[in-house]
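Where a number appears in this text, it was derived from the coordinates with a stated rule and is not lab data. Values in this document were obtained by computation on a predicted structure and should not be read as measured data. Positions of Cβ are generated from backbone atoms using ideal geometry, with glycine treated the same way; all protein chains shown enter the neighbour counts.
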């Protein structure tokens, strides 16, 4: 049988990684060999660390998106598993990418020489920004060019997943669905919670369907697309934290992401997604901020005290990357000093994404 290729799209902070992890566990419980491919514009990706810490076989395409480095995607896929491809390949593209049907799915079926069973392409809706963008609210947090990417992601989807329904009032979920049905008719709309698993069976059933999927080829203005991506400042950083006495890993991450949230609100810099993972010998913890309005959360608690940890920070924010770097460095230094911790920034990259130039675009 051909390996099944499942790509899970959606905007930054939509819940793709949590969904991919839940799908991976599901297929592994069925006895299938599963591989995951993550993607980022640079190295030190929280998602990769998190998924590997959960015991998954993970390959990473770093330095460019799937569409702009198609050969890296296929070689990473081939590097998964032991001498043969996994039975299920789960791929998570960069959250600011669109036009993936023409630049990834079509080339996988028409250019890549290895036969794959391509599952329907699902895009996860991020409610915190989605409702404001779909209603045409000028206070969505992003410019019309960044909103353009969000809308194009939905336009090419075979189906849409409204995520985080456990955190939303039922009337808000109904409103989101009504807006989607009005603007994007004909697309199945699923209601799920990647965190709790609610609605997950419906998602699995959808991914098992076959037929006229992966066919939504769009007109895309690459000038607007490039400018929308470039309005986001990106930062990936890896930091070592040490102390002579033990400190609570969860408290450190919560304080860090909480302070970063306060700084972003104060400077009117909208968070597309901010993730922090802390890894110690005993355990790991993850904290998130998916929008300024929703605020930070400890998405995975370690309940660990340790004398040393590796802390990885990923930030995607509507601000200048130089300003973003300054904020992150300042808050790291302030928190570590107040807690009597020593820290060293091992690596840090801050930048604006370059213009997307797909390896293939089959329309």
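Considering helices alone, the calculated mean residue ellipticity of the chain at 222 nm is -10500 deg cm²/dmol, with DSSP H runs of length four and up weighted by -39500 (n - 2.57) and normalised per residue.
Return the single residue from 65, 336, 192 with maximal mean-square fluctuation; model: Gaussian network over the chain, springs between Cα atoms under 10 Å. Residue with maximal mean-square fluctuation among 65, 336, 192: 336. Among 184, 222, a tally of other beta-carbon atoms within 10 Å of each Cβ gives an order, fewest to most, of 222, 184.
FRET efficiency for the residue 2 to residue 323 pair, using the beta carbon distance and R₀ = 35 Å, is estimated at 0.15.
Site pair residue 251 and residue 71 shows an inter-label distance of 5.2 nm when each label is modelled 7 Å from Cα along Cα→Cβ. The label point for residue 78 and the one for residue 226, both projected 7 Å from the Cα toward the Cβ, are 3.0 nm apart. A full extension of the chain between residue 333 and residue 362 corresponds to an added length of 5.6 nm, given 0.36 nm per residue minus the alpha carbon distance. In the chain, the DSSP beta bridges split such that about 60 percent are antiparallel, to the nearest 5.
The distance between label points at residue 204 and residue 355 comes to 4.6 nm (points 7 Å beyond Cα on the Cα→Cβ vector). Applying 1/(1 + (r/R0)^6) with r as the Cβ-Cβ distance of residue 175 and residue 303 and R0 = 35 angstrom yields a FRET efficiency of 0.40.
Among 117, 99, 174, the largest mean-square fluctuation in a Gaussian network model of the chain (Cα springs under 10 Å) belongs to 174.
A protection proxy built from the mean count of other Cβ atoms within 10 Å ranks the segments 70-78, 3-11, most packed first, as 3-11, 70-78.
The mean sequence separation of alpha-carbon pairs under 8 Å and at least six residues apart, normalised by the residue count of the chain, gives a relative contact order of 21 percent. By the beta-carbon count within 10 Å of each Cβ, the least crowded to most crowded order of 189, 257, fewest first, is 189, 257. Cβ crowding within 10 Å, taken as a proxy for footprinting-reagent exposure, orders 297, 231 from fewest neighbours to most as 297, 231. Residues considered: 339, 316, 22. Largest GNM mean-square fluctuation over the chain, using C-alpha springs under 10 Å, is found at 339.
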